[in-house]
1. Would you mind finding the one in SER373, SER385 that is modelled with pLDDT of 90 or more, under 20 Å from ASN326 (Cα atoms), open to solvent by 30 Å² or more (accessible area, probe 1.4 Å) and not β-branched (Val, Ile, Thr)?
2. From (1) of a type outside the set (Phe, Trp, Tyr); (2) open to solvent by 10 Å² or more (accessible area, probe 1.4 Å); (3) in a strand (DSSP E or B); (4) within 23 Å of TYR39 (Cα to Cα), pick out the condition that doesn't hold for VAL468.
3. Restricting attention to the range 308-317, and to residues there that are modelled with pLDDT of 90 or more and open to solvent by less than 30 Å² (accessible area, probe 1.4 Å), which single residue is nearest to ALA414 (Cα to Cα)?
4. If we keep just the residues of the range 63-112 that are modelled with pLDDT under 95 and among the hydroxyl-bearing types (Ser, Thr, Tyr), which is farthest from MET466 (Cα to Cα)?
5. Please work out which one of (1) assigned to a strand (DSSP E or B); (2) surrounded by fewer than 20 Cβ atoms within 10 Å (Cβ to Cβ); (3) out of contact with any Lys or Arg (no Cβ under 6 Å at 6 or more places or on another chain) is the condition GLY264 fails and give its number.
6. Determine which member of the set VAL197, VAL185, VAL278 is at pLDDT 95 or above, open to solvent by 50 Å² or more (accessible area, probe 1.4 Å) and in a strand (DSSP E or B).
7. I'm told ASN255 meets every condition in (1) under 21 Å from the mean Cα position of the chain (by Cα); (2) buried (at least 18 other Cβ atoms within 10 Å of the Cβ) except one. Can you identify the failing condition by its number?
8. Taking the range 155-179 as the region of interest, how many residues are of a type outside the set (D, E, K, R) and either open to solvent by 50 Å² or more (accessible area, probe 1.4 Å) or on the phi > 0 side of the Ramachandran plot (or both)?
Amino acid sequence: MQFIRVTFFLLVLFAGAACFAQDVLYTDFDKFDYRSDEYAVAGMSGGKLYLYTCVSGSPQLNAYDDSMNKTATVLLDFFPAKIYHARFIAYPDKIIALYQALEGGRVVQYAALLDETGRLKNKPLELGSTKTGIFGATRSYFEQAISENRKSILIYSAEDKSDGVELECKWLDDNLTLIKKCRAVFKTDNRAEHGEVNIANDGTVFMAAYTTIGAHNYADRFWLLQLRQGANKFEPRELYLDDKFAANGAMKIDNQNAKVYFSGFYSDKKNGGFDGIVYASSGIGDSAVMQRKFIPFDRELLQVAGIRHHQHPFDDFSVKHLIVKNDGGFVLVSEMQYVTTRSTYTPGFGYYSFYSPYTNSTVHEYHYEDIMSLSYNKDGEREWSSFIPKQQYSQEDGGVFSSFGLLNSGGTLAYLFNDFNIHHSRIQLATVSPDGKSEVHGFTAEGNDYPDWVSKSAKQVSARSMIVPCFHKKQICFAKVQF
């Protein structure tokens, strides 16, 4: 298929000034089966954009210029035969590949250092292995956390136990030198669960841990566990909830000010709806003291949210991003999402139903609705709120075409998402300015002449550009959107 270039003009507000988005450029189509093949946006290195695909067991990196013309293909022939999961970290002069492989009854975690052209520099490093169950690989057995400056890499596996959580991890630098490895255990009185794991620029690791209660599995106790680089013992920092119950939180490390933040929703009752936002912070390397605020939803916010969702308007919202501002305030970005099931032999079809074959009598329905952005100052006072209306519904596909991609320019927030129903689909771009003013702009992507965008897998690769994977039946391409 010939190279496809499509130019759209999108009106976007950035920092209060009107400007137009630049070209939206597509790569060529390549063969791809989204049910069995893999893709990833590696990022920019050596002035080129690198995109990864593994089609029919053949992994490769493709290099593209600024116009999304393919300039090179690098076969990753050092990858084992069965790749389970691959992730890439791009630098100006190199690329790190982190990948898992199925080898017999084991999943093995590897890391490889490539140069800026994608060529292997050294022998790949084996970082660990674990046995799979009788049904084979059913999950991601190893996870990765990357520091903001990309100089500290953590390879870890976390396990929830009846009396706490256990973390096994290895620290690497950006040359894949193994710095330290450890096993740390945190004990609790009840069964605990682990949450998000992050790593600071100095190598300090933070992991969320909590115990749950009630029908909604809200947290009745919550900790941020600090693990200094090379240590083998957690330093717990409890977020005291004062008889409240927390849920749907996110963590953010502020390396410049050496602080770690957490925010999410809370409820006054263990089986109640959300009543407000909890916000906490603590210094990296400091004592276990945490500053915290419980911010109840104010009447104006409840009225605005209740226009579209009259009963318990916040209960199905899930936190997606925590953005910490320079003055200590924050923006909390969340999305309404939930899953329903029904038993019927006649599934409800939607625009993307040809990607999700119907195989049994139980239909899983995926709902992704409004995007809510809330801005608070350092004193916990709400500055503004923004609701981006959307309604996405699909069946038996995991919501692959639902949700949104976020581009943060440092001031304006841009949300890219599909607006679809049974008849059509179009791409929508919503922008929220620093003072909370929102606008929604759209451009069409109808019919088989245009690919189907996977907006939630979009990756920001520069201050004002992002890469979006796109499907077209059994083909894949990538779109570059520049703002």
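1. The conditions single out SER385.
2. For VAL468, the failing item is (2).
3. The qualifying residue nearest to ALA414 (Cα to Cα) is PHE317.
4. Per the stated criteria, the residue is TYR84.
5. Here GLY264 clears every test but (2).
6. Numbers: VAL197 fails: open to solvent by 50 Å² or more (accessible area, probe 1.4 Å); VAL278 fails: open to solvent by 50 Å² or more (accessible area, probe 1.4 Å).
Exactly one of VAL197, VAL185, VAL278 is at pLDDT 95 or above, open to solvent by 50 Å² or more (accessible area, probe 1.4 Å) and in a strand (DSSP E or B), namely VAL185.
7. Result: ASN255 fails condition (2) only.
8. If we filter the range 155-179 for residues that are of a type outside the set (D, E, K, R), which is where we start, we get 155-158, 162, 164-165, 167, 169, 171-172, 175-179.
Filter again for either open to solvent by 50 Å² or more (accessible area, probe 1.4 Å) or on the phi > 0 side of the Ramachandran plot (or both), leaving 162, 164, 175-179.
So the answer is 7.
The values are calculated or read from the model by the stated rules, or taken from the named source; none is laboratory data. Just so we're clear, the structure is a prediction, and the values are computed from it rather than from any experiment. Neighbour counts are summed over all protein chains in view; Cβ atoms, including those assigned to glycine, are modelled from backbone coordinates with ideal geometry. In case anyone asks, the SASA skips ligands and DNA or RNA and just uses the protein heavy atoms, side chains included. Shrake-Rupley method; radii C 1.70, N 1.55, O 1.52, S 1.80 Å.
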